[in-house]
Amino acid sequence: MKSLPDILKELNQLDETPRLEAKSCRNAVGKSFYETVCAFANEPSLGGGMIILGVSRAVEDMFAAYEVTGVDDPDKILTDIASGCASLFNCRIRPQIEVVEHDGKTVVLIEIPEASTANKPVFHKAQGLPQGARRRIGSSDQRCDEDDLQVLFAERGGESYDLTPIPSASTLDFDEDAIAHYRNLLAKAGSDGEMLSWDDEELLQSINAVREHEGKWCPTLLGLLLFGKRAAHRRELPMVRIDYIRVPGKTWVEDPEERYIKSYDMRGPVLRLIDRALATVVDDLPKGFELTEGSVQAKTPSLPAKALREAIVNAVMHRSYRVDSPIQIIRYSNRIEIINTGFSLKNEDRWLKPGSEHRNKNLAAIFHETNTAETKGTGISYMRKKMIETGFSPPTFESNRAENRFSSEFFLHHFLSEEGLDWLAQIDTSLSEGQKYALIAVRESQRVDNRTLRQLTGNDIFAASSDLRKLCDVQILEKKGAGSATYYLKGEHFPPKIQSEVGGLAAKVGGLAPEVGGLDAGKEKADLAELSEDLQRSISHLGKRAGNETIPVIIALCHEQDLRAAQIASYLGRKDVRHLTRTFLRPLIESGRLTYTFPKEENHPRQAYRTPHS
């Protein structure tokens, strides 16, 4: 069990987390306490969680600020907890309890174990199912719905929703070409010969594409998804389609007259629908893009097709087919968003770990057997890997339980591009890598949260929280919401688009320098004292509008160390990094007098310049 000082430190840095809940409970525990107990016991693979009693949050503080208030009668509270955990639920829960003293006040620490699969779902006996069951989603305790119960019962071998019979359909609604396509995919994936030797009727029965219902064989939801004709989809599953929407600009346009430039509705057997949707997206990408899996070219970076395809596959495979809403692929000017109904059944903390929790486990099995989807439970890791390999920022993902949706987002450019770094250079300070990503995320998507920043940077939750807090302290960002629903928008001192618009911005946020930074390995603000005396003299002799005499100084600077464009500009006292790059750095690259540190990726986020050794 963690010590109380460590727990308080975690609360004040991160607020409540998926495995940590704080409650005041001075005199008694109530309904919310047992809801948290139930949620910790139920949540798959969370390993339970800790409840700390006798700690309260200062509501007026912008960020988490917890203080020890103590409990008045710990003996009574311990007795109540032991009795309640033993009698209120459908199975006995055995918490581990520890009482500690802090500054003369009593605090109670309760470790709740995860229930065994045989005992899930855990629920309040007085309320029954599903009302009495809870899951731990983020830092909140959520009432279970049918999808949640399916996950909890699945560990006992419960039946998946995709096996629901569709009595109004028949096998005449199956497309023979779609069945043949499925056979071809099985053969390519190396399926055993016996399965391929079966006739269509045997094959359909073996994968539960048809089931016996009221004395006759009829298609299941799975069967119609895989093999249903387009007419059958329109009749039986009208909202099971993929909509591709082209939106002007970076934000959704509410005006119905200008909502999109064009839109395509796609429906049909899902194994073919995925490739059709991908082809539609590819055809509409900017001309500079090539969706191939070859090496990244210097001036035409390739958005990895396999990563985008995996996102579409995940949307089809994991969406909730109980909800009548199509999958949306929205193409903005700077990014692609893929949205499907159905929040992630897999807790966010385990997205990068192997293992899956499926709404549609039979559909998922088909996708894996045909190599349509990646190895079970590795889709998000695969997409991140492919994007990073080609020099792009990793995609970001959001699971919204309140709106019952899941979304993935792919930017169509290098996130920390030279243009983006030039924009950030308006702030007269050294930003950490995480702070740079946070600011550009808000510029591109209007908002950022801790989860998104962690996905973009790979930093842990503590580092992301620190970066966001410091940007709020100087009003570059503004915090909204609380707890797991916290997000950040542009603050009063958020950098404008053009340098000339900045005015006194540097002076306004000058205090950021000692407060921010320290996490970035490469500072952009230069220290002339680090250079040789000869080089310092050469720089001092340059005028503000120096011409060709600047070239040998740049070459000398890059001979001593690898430097980014913003660092070179800082040494030379230049504010316009873009002008420096266009006038001096690119011509020196083209003449071979300078080289890139990443020669195959001109727009690499960590691109720097060096003088080749003669």
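Starting from residues that are among the charged types (D, E, K, R) and touching a residue at least 12 places away in the same chain (Cβ under 8 Å), keep the ones in segment 188-200 and report whichever is nearest to residue 267 (Cα to Cα). Walk me through it before giving the result.
Restricting attention to segment 188-200, the residues satisfying the condition of being among the charged types (D, E, K, R) are 188, 192, 194, 199-200.
When the remaining residues are screened for being touching a residue at least 12 places away in the same chain (Cβ under 8 Å), the result is 188, 200.
Numbers: 188: 25, 200: 23 Å.
Residue satisfying both the conditions and the ranking: 200.
Enumerate the helices (runs of 4 or more DSSP H) found wholly within segment 358-447, keeping only those where 3 or more residues are without any contact (Cβ under 8 Å) to a residue 24 or more places away in the chain and surrounded by fewer than 20 Cβ atoms within 10 Å (Cβ to Cβ). Steps first, please.
Numbers: elements: 361-369, 379-389, 418-424, 433-445.
Of the helices (runs of 4 or more DSSP H) lying wholly inside segment 358-447, none has at least 3 residues that are without any contact (Cβ under 8 Å) to a residue 24 or more places away in the chain and surrounded by fewer than 20 Cβ atoms within 10 Å (Cβ to Cβ).
Quick check on segment 340-357: of everything there that is among the hydroxyl-bearing types (Ser, Thr, Tyr) and part of a loop (DSSP other than H, G, I, E, B), which residue is nearest to residue 311 (Cα to Cα)?
Step one: of segment 340-357, the residues among the hydroxyl-bearing types (Ser, Thr, Tyr) are 341, 344, 356.
Narrowing the set further to residues that are part of a loop (DSSP other than H, G, I, E, B) leaves 344, 356.
Details: 344: 13, 356: 15 Å.
Here the answer is 344.
Condition test on residue 214, is it in contact (Cβ under 8 Å) with a residue 40 or more places away in the chain and exposed (fewer than 15 other Cβ atoms within 10 Å of the Cβ)? Lay out the reasoning, then the answer.
Details: in contact (Cβ under 8 Å) with a residue 40 or more places away in the chain: yes; exposed (fewer than 15 other Cβ atoms within 10 Å of the Cβ): yes.
For residue 214, the condition - in contact (Cβ under 8 Å) with a residue 40 or more places away in the chain and exposed (fewer than 15 other Cβ atoms within 10 Å of the Cβ) - is met.
Output the qualifying pairs, or none if there are none: Cβ atoms under 8 angstrom, residues six or more apart or on different chains, first residue in segment 456-480 and closer than 25 Å to residue 408 by Cβ and in the same structural domain as residue 397 (by TED's automatic domain parsing), second residue hydroxyl-bearing (Ser, Thr, Tyr) and surrounded by 17 or more Cβ atoms within 10 Å (Cβ to Cβ).
Within 8 Å, no pair qualifies.
If you scan segment 549-580, which residues turn out to be in contact (Cβ under 8 Å) with a residue 40 or more places away in the chain, over 12 Å from residue 610 (Cα atoms) and not in a helix (DSSP H, G or I)?
Of everything in segment 549-580, those that are in contact (Cβ under 8 Å) with a residue 40 or more places away in the chain, over 12 Å from residue 610 (Cα atoms) and not in a helix (DSSP H, G or I) turn out to be 575, 576.
Just for segment 199-216: of the residues that are under 38 Å from the mean Cα position of the chain (by Cα) and part of a loop (DSSP other than H, G, I, E, B), which one is nearest to residue 183 (Cα to Cα)?
Checked segment 199-216; the qualifying residue nearest to residue 183 (Cα to Cα) is 207.
For the structure I just gave you, tell me whether residue 23 is surrounded by fewer than 18 Cβ atoms within 10 Å (Cβ to Cβ), more than 23 Å from the chain's Cα centre (by Cα) and within 19 Å of residue 135 (Cβ to Cβ).
Details: surrounded by fewer than 18 Cβ atoms within 10 Å (Cβ to Cβ): no; more than 23 Å from the chain's Cα centre (by Cα): yes; within 19 Å of residue 135 (Cβ to Cβ): yes.
Spelling it out, it is not the case that residue 23 is surrounded by fewer than 18 Cβ atoms within 10 Å (Cβ to Cβ), more than 23 Å from the chain's Cα centre (by Cα) and within 19 Å of residue 135 (Cβ to Cβ).
If a residue counts only when it is at pLDDT 90 or above, in the same structural domain as residue 136 (by TED's automatic domain parsing) and not β-branched (Val, Ile, Thr), which strands (runs of 3 or more DSSP E) contained entirely in segment 1-107 have at least 2 such residues? Outline the logic, then answer.
Details: elements: 20-23, 49-53, 55-57, 66-68, 96-102.
The strands (runs of 3 or more DSSP E) meeting that bar are 20-23, 49-53, 96-102.
Among (1) under 25 Å from residue 200 (Cβ atoms); (2) modelled with pLDDT under 85; (3) among the hydroxyl-bearing types (Ser, Thr, Tyr), which single condition is residue 302 missing?
So the condition that residue 302 fails would be (1).
Please determine, by comparing only the residues of segment 332-357 that are within 18 Å of residue 277 (Cα to Cα) and modelled with pLDDT under 90, which one is surrounded by the fewest Cβ atoms within 10 Å (Cβ to Cβ).
Here the residue is 335.
Of (1) surrounded by fewer than 17 Cβ atoms within 10 Å (Cβ to Cβ); (2) part of a loop (DSSP other than H, G, I, E, B), residue 121 satisfies all except one. Which?
With respect to (1) surrounded by fewer than 17 Cβ atoms within 10 Å (Cβ to Cβ); (2) part of a loop (DSSP other than H, G, I, E, B), residue 121 is out only on (1).
For segment 581-592, which residues satisfy the criterion of being more than 15 Å from residue 420 (Cα to Cα) and in a helix (DSSP H, G or I)?
So the first thing to find is which residues in segment 581-592 are more than 15 Å from residue 420 (Cα to Cα), and the list is 582-592.
Hits for segment 581-592 are 582, 583, 584, 585, 586, 587, 588, 589, 590, 591.
Could you go through segment 461-475 and let me know if any residue there is of a type in the set (D, E, K, R), surrounded by 21 or more Cβ atoms within 10 Å (Cβ to Cβ) and closer than 29 Å to residue 12 by Cα. Lay out the reasoning, then the answer.
Within segment 461-475, the first condition is being of a type in the set (D, E, K, R), and the residues that meet it are 467, 469-470, 473.
Retained after the next criterion (residues that are surrounded by 21 or more Cβ atoms within 10 Å (Cβ to Cβ)): 467, 470.
Of the ones still in play, those that are also closer than 29 Å to residue 12 by Cα are 467, 470.
Yes - at least one qualifying residue is present in segment 461-475.
Scanning segment 601-613 for residues that are in contact with a Gly (Cβ under 9 Å, 6 or more places away or on another chain) and at pLDDT below 80, which turns out farthest from residue 570 (Cα to Cα)? Let's see the steps before the verdict.
Pass one, segment 601-613, residues in contact with a Gly (Cβ under 9 Å, 6 or more places away or on another chain): 601, 603-606, 608, 612.
Going one step further and asking which of them are at pLDDT below 80, we end up with 601, 603-606.
On the way: 601: 24, 603: 20, 604: 20, 605: 18, 606: 17 Å.
Result: 601.
If the requirement is being at pLDDT below 75 and not in a loop (DSSP other than H, G, I, E, B), which of these qualifies: 257, 290, 310?
Numbers: 290 fails: not in a loop (DSSP other than H, G, I, E, B); 310 fails: at pLDDT below 75.
After applying the criteria, what remains is 257.
If the requirement is being within 21 Å of residue 271 (Cβ to Cβ), hydrophobic (A, V, I, L, M, F, W, C), in contact with a Pro (Cβ under 6 Å, 6 or more places away or on another chain) and at pLDDT below 90, which of these qualifies: 387, 383? Steps first, please.
Numbers: 387 fails: within 21 Å of residue 271 (Cβ to Cβ).
Going through 387, 383 in turn, the sole match is 383.
The values are calculated or read from the model by the stated rules, or taken from the named source; none is laboratory data. Computed from a predicted structure; not experimentally measured. For neighbour counting, all protein chains shown are included, and Cβ atoms are generated from backbone atoms with ideal geometry for every residue, glycine included.
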